[in-house]
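What follows is a set of notes on a single structure, which appears directly below.
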Amino acid sequence: MSLTTILENPKPGSTIFSPELAARFDKLVTLYPRRRSALIPMLLYAQDEIGYVSDAAIAEIAQRLELTVLDVRNVLTYYSMLRTRPIGKYNVQVCTNISCMLRGGKEILTHCKKRLGIAHKETTPDGMFSLEEVECIGACSWAPAVQVNYDFHEELTPEAMDAVLDQYRSKAGQ
Amino acid sequence: MPKLVSHPDEVKVVSRRFGQDATNIDRYIELDGYKAVRQAIEQGPDWIIAQMKASNLRGRGGAGFPTGMKWSFVPKQSEKPKYVLVNGDESEPGTCKDHLIFLHDPHSVIEGCIIAGLAVGAKTGFIYLRGEYRYLLTIMEKAIADAYAKGFLGKGIFGSSFDFEIISQTGAGAYEVGEESALMESLEGKRGVPRIRPPFPAVVGLYGGPTVINNAETIASVPHILNMGGEAYARIGSERNGGTRLFCISGHAERPGVYELPMGYNLKKMIYEVAGGIRGGRQLKAVVPGGSSTPVLLPSEIDIGMDFDQVGKAGSMLGSGGVVVLDDTVCIVEFALRTIQFYQHESCGWCIPCREGTDWLKKTLTRFHAGGGEAKDIDNIRYLAENMLGRTFCPLGDAAAMPTIAFVKKFRQEFEDHLNGKPCPYAKQQELVLA
């Protein structure tokens, strides 16, 4: 991030987001007793649209909420699901926390590493998959579990994991 | 879709609409939905709180505070608006019950939230789900929109003079935000760092107004309590522990799953009968009774009733209902390490004993498990953990320290087996699994 991106303010009224998302943001900021409450949802929705929270997205969200860029960055860096760099189309998040670990979560992670040829927080050269070892995702009774973007996949084995990856690969090919 | 399980010993109250298509508002109404809230409007706040007190419902998030009493602490008169905040930031490892509630019965959360609002005089409720539950937010938002369309939310709900709004959102990945004061910070658009108490949220909460914060399962229980009557609900459970609880059985049980059982149900029976015993007929090594922060129990300690008081007497906690079953293939040092890795990752960093303590514990346990442990480390691990207890503003420090102390205390031999460069005695088994 350069100094100019900190200082450069987006033009009022202009937006980097799609018209639908911009309209959604217009509504979100009026929803809460205080504007600022919309910050975390806005960061998430911006990330969903762009793939990550870009400098331009931060600047526009700051302006919409009447916050400084620093206020926004301060919050953004706290939450593990928010990122400021692009990643693969499908983010494969493997839980290795206790319940998943007991049922082979670490083996699923090792399998994904081998299969995709990447390590934790890396992306395949074709930009298709990113891999992440994550903390508990709330699927403990159906372990081991993996989340690909926002979708859950439960009771996995290495073979079932392969099928899940193939499913996303063919989805991307369509 | 998460698999639903069933067992004859279950008493389905909160889970009775699971798998019944109750996300559809008309189906929910058919299944006695939005009946309790109408009665609540008719009877008024004093009646609601009396029913809640009679029900002996205790907070399902982990602390087990009596819900009726919590609601009665909210001042009747307040210059600032009052709020209801539903905590669906379910993040305690081993816990996945709210996941099912949002998936199968979102209207019960809405109905419970309105009733809580009526009881304390709040006009706005917030439902906060963890960020990973985005697909459940979509279900929740649809349910809220349907409730607005029927006039169950908004101005003059159910044709009464009461107004009630509900706003739902998710977080963005942070265990700490499940702590009530950090949750309020997050909802106000800030970092999820806890607040100093007092003042407690019932007096000064969201946006400075009096706020009732309840776990999603607690809130989903409320309509059922009003429908069956507080005393009838209390009778299902054990002494001072009313009703049922969604127990999330995970780990090495033969039939893991979320089972709704009466409070006070025997833990041994829960594992060996309800969940079908240990997978492959292996031996039980340990049980974590209420999510990763609760001290581990030995097989000789599990002949106890699962309610807040009895598990407390056994030296652990009922916590969030996450029963993690460990068989004899588990390396306790590795399990302790994975537990502390989690808390180290999730510590918000505000309180030094928690921030530094979890980090040192992680470093020591990592070295220890890799074979670089020294005899003095064992007591050091315990000493470090003991010095975190009670020295932080929120319970995350305790949540990291308590299980660690129990692992060292109850499985000291296993720590000693790792000493002096000895490889993990369980690594071979794990390599076999890997192959």
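The values are calculated or read from the model by the stated rules, or taken from the named source; none is laboratory data. This one's a predicted model, so the numbers in the text were calculated from it and none came from an experiment. Virtual Cβ from ideal backbone geometry, glycine too; neighbours counted across all protein chains shown. Note: accessible area is taken over every heavy atom of the protein model, side chains too, but ligands, DNA and RNA are not part of it. Shrake-Rupley method; radii C 1.70, N 1.55, O 1.52, S 1.80 Å.
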Number of the exception - B:Leu389 against (1) open to solvent by 50 Å² or more (accessible area, probe 1.4 Å); (2) modelled with pLDDT of 95 or more; (3) part of a helix (DSSP H, G or I); (4) not charged (D, E, K, R): (3)
Filter pass, A:Val134 being crowded, with 20+ Cβ neighbours inside 10 Å and β-branched (Val, Ile, Thr): yes
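Yes/no matrix, rows are residues, columns are (1) open to solvent by less than 20 Å² (accessible area, probe 1.4 Å); (2) within 13 Å of chain B (Cβ to nearest Cβ); (3) out of contact with any Asp or Glu (no Cβ under 6 Å at 6 or more places or on another chain):
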{"residue": "A:Leu43", "(1), (2), (3)": "yes, yes, yes"}
{"residue": "A:Ile61", "(1), (2), (3)": "yes, yes, yes"}
{"residue": "A:Leu65", "(1), (2), (3)": "yes, yes, yes"}
{"residue": "A:Leu102", "(1), (2), (3)": "yes, yes, yes"}
{"residue": "A:Ile118", "(1), (2), (3)": "yes, no, yes"}
{"residue": "A:Pro125", "(1), (2), (3)": "no, no, yes"}
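Would region B:167-186 turn up any residue that is free of Cβ contacts under 8 Å to residues at least 40 places away in the same chain, open to solvent by 10 Å² or more (accessible area, probe 1.4 Å) and within 12 Å of another protein chain (Cβ to nearest Cβ)?
Looking through region B:167-186, at least one residue is free of Cβ contacts under 8 Å to residues at least 40 places away in the same chain, open to solvent by 10 Å² or more (accessible area, probe 1.4 Å) and within 12 Å of another protein chain (Cβ to nearest Cβ).
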Conditions (1) more than 14 Å from every other protein chain (Cβ to nearest Cβ); (2) surrounded by 24 or more Cβ atoms within 10 Å (Cβ to Cβ); (3) not aliphatic (A, V, I, L, M); number of the one not met by B:Glu92: (1)
Tally of residues being assigned to a strand (DSSP E or B) and open to solvent by 10 Å² or more (accessible area, probe 1.4 Å) across region B:233-277: 5
Any pair with Cβ under 8 angstrom, 6 or more apart, that starts in region B:61-73 at a residue that is within 20 Å of B:Pro210 (Cα to Cα) and ends at one that is open to solvent by 50 Å² or more (accessible area, probe 1.4 Å) and not in a loop (DSSP other than H, G, I, E, B): B:Pro66/B:Lys53; B:Gly68/B:Ala50; B:Gly68/B:Lys53; B:Met69/B:Lys53; B:Ser72/B:Lys53
Residue satisfying condition, being among the small types (Gly, Ala, Ser) and under 19 Å from the mean Cα position of the chain (by Cα), within set B:Gly229, B:Gly205, B:Gly237, B:Gly189: B:Gly237
Residue among B:Ile144, B:Ile101, B:Ile115, B:Ile110 that is touching a residue at least 40 places away in the same chain (Cβ under 8 Å), within 14 Å of chain A (Cβ to nearest Cβ), β-branched (Val, Ile, Thr) and outside any strand (DSSP E or B): B:Ile101
Scope region B:300-332; condition of a type outside the set (Gly, Ala, Ser), assigned to a loop (DSSP other than H, G, I, E, B) and away from every other protein chain (no Cβ under 14 Å); matching residues: B:Ile302, B:Asp303, B:Ile304, B:Asp307, B:Met317, B:Leu318
Subset of region B:67-89 [within 14 Å of chain A (Cβ to nearest Cβ) and either within 17 Å of the chain's Cα centre (by Cα) or open to solvent by less than 40 Å² (accessible area, probe 1.4 Å) (or both)]: B:Lys82, B:Tyr83, B:Val84, B:Leu85, B:Asn87, B:Gly88, B:Asp89
